[in-house]
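Quick notes on the structure that follows.
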Amino acid sequence: MLLPVGTGTRFVDVDEEELRKQAAVYDLENEIDALLRYLETHGEVDDDWLPEGDEFQELMADYEGRLS
């Protein structure tokens, strides 16, 4: 997963296993699981705190983000 870093078009590659380890440290497993499901299904997950799929795509474009 690539996430935008700061301003501009810099990205960092995030290892899913490492992300899950860090989520456990901060007690964010549920949030990270929901976020990863959301990304894998292109916004088809119904979680109140995540934007709708179309809104997410607009935000990604606004921030010059991309998923790979």
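The values are calculated or read from the model by the stated rules, or taken from the named source; none is laboratory data. Note that the structure is a prediction, hence the values are computed from the model and not measured. All Cβ positions, even for glycine, are placed from backbone atoms using ideal geometry, and neighbour counts span all protein chains on display.
Things worth noting here:
- Every residue from segment 20-68 that is touching a helix residue (DSSP H, G or I) at 6+ places or on another chain (Cβ under 6 Å) and either β-branched (V, I, T) or modelled with pLDDT of 85 or more (or both): A23, E29, I32, V45
- When restricted to residues that are surrounded by 14 or more Cβ atoms within 10 Å (Cβ to Cβ) and assigned to a helix (DSSP H, G or I), segment 15-32 contains 5.
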